[in-house]
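Report on the following structure.
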Amino acid sequence: MDTQGARVLVTGGATGIGRATAALLGERGARVAICGRTETRLRETAAAIGALPLCCDVSQEDEVERTVAAAAAALGGLDALVNNAGCGSFAPLVEASAADFRRTFETNALGAFLVGRACARLFTRERRGTIVNVGSTAARRGFAGGSAYCASKFALSALTECWRAELRGSNVRVMQVDPSEVQNDFGTHAGRAPRTAVNPRKLVSEDIARVIVALLELDDRAFSPGLEVWATNPG
């Protein structure tokens with residue numbers, strides 16, 4: 001896909017990996033819409049990077065349908081979706097709550113499904129398009145305290161595989177990027193203590209943005225089913 005002039009929707013685009021990806025796409029000449037739940041932060045990011053802000057809770061079907069339609073109308077169509085919106089909940093099994101488990105699934109799995117479905121309807125009509133799901137290395141292996149998060153990301157991997165099998169015949173590419181720990185505000189939003197400093201040996205959002213954009217920029221005849229991204233020697 002040629003990113004110059006491409007029309008891309010990035011979910012969870014106000015912060016972290018989503019913001020970095022939307023910003024890089026804009027630098028490469030793409031026209032970008034970003035969505036998120038917090039309107040103030042969304043509009044601040046959109047103004048800073050030159051994107052179209054669309055307030056949306058991806059776990060709500062009606063909001064997703066309106067948002068995808070609005071993005072397509074404003075941009076004159078859509079060429080790609082970066083399905084990035086996500087949240088975390090981490091607790092030992094015996095202490096984990098059903099409410100946190102449900103909330104995590106509603107964003108990470110149901111939300112990805114709803115946005116992916118809405119965009120796929122556009123892409124299959126056009127017989128072209130790309131979906132990049134942003135997962136996690138937690139989509140490939142579990143860890144203590146990760147019941148809700150890991151299960152939701154395993155579910156995202158299953159969605160990626162199903163969509164690839166369904167959509168490949170319509171010339172729609174479906175890929176997944178699975179980062180290991182990334183230094184952004186994701187952990188803080190998940191209830192962890194804020195970082196006091198950036199470790200230069202660990203991943204940052206811009207590292208993952210470059211991988212996502214590189215996948216999008218592959219010629220449409222090519223795709224990668226999935227990529228893990230790790231820090232070389234995080235210490």
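The values are calculated or read from the model by the stated rules, or taken from the named source; none is laboratory data. Just so it is clear, the model here is predicted, and its values are computed rather than measured. Note that each Cβ is placed from the backbone with ideal geometry, even for glycine, and that neighbours are counted across all protein chains shown.
Some observations on this one:
- Residue list for segment 97-141, filter: assigned to a helix (DSSP H, G or I) and aliphatic (A, V, I, L, M): Ala98, Ala99, Ala109, Leu110, Ala112, Leu114, Val115, Ala118, Ala120, Leu122, Ala138, Ala139
- Considering segment 26-59, and only residues there that are part of a loop (DSSP other than H, G, I, E, B), touching a helix residue (DSSP H, G or I) at 6+ places or on another chain (Cβ under 8 Å) and not aliphatic (A, V, I, L, M), the residue that is surrounded by the fewest Cβ atoms within 10 Å (Cβ to Cβ) turns out to be Gly50.
- Against the test of being loosely packed, with under 15 Cβ neighbours inside 10 Å and modelled with pLDDT under 95, the options Ala193, Ala165 yield a single qualifying residue, Ala193.
- Test: residue in segment 197-205 that is surrounded by 13 or more Cβ atoms within 10 Å (Cβ to Cβ), modelled with pLDDT of 95 or more, in a loop (DSSP other than H, G, I, E, B) and touching a Lys or Arg at 6+ places or on another chain (Cβ under 8 Å): no
- Out of Val64, Val94, Val82, sole residue that is among the β-branched types (Val, Ile, Thr) and part of a strand (DSSP E or B): Val82
- Unmet criterion (only one of (1) among the β-branched types (Val, Ile, Thr); (2) under 16 Å from the mean Cα position of the chain (by Cα); (3) more than 22 Å from Arg173 (Cα to Cα)) for Thr40: (2)
- Flag for Ala112 being at pLDDT 95 or above, closer than 17 Å to Arg7 by Cβ and either buried (at least 18 other Cβ atoms within 10 Å of the Cβ) or touching a Gly at 6+ places or on another chain (Cβ under 8 Å) (or both): no
- All positions within segment 27-62 that are more than 16 Å from Thr107 (Cβ to Cβ) and touching a Lys or Arg at 6+ places or on another chain (Cβ under 6 Å): Arg31, Thr45, Pro53
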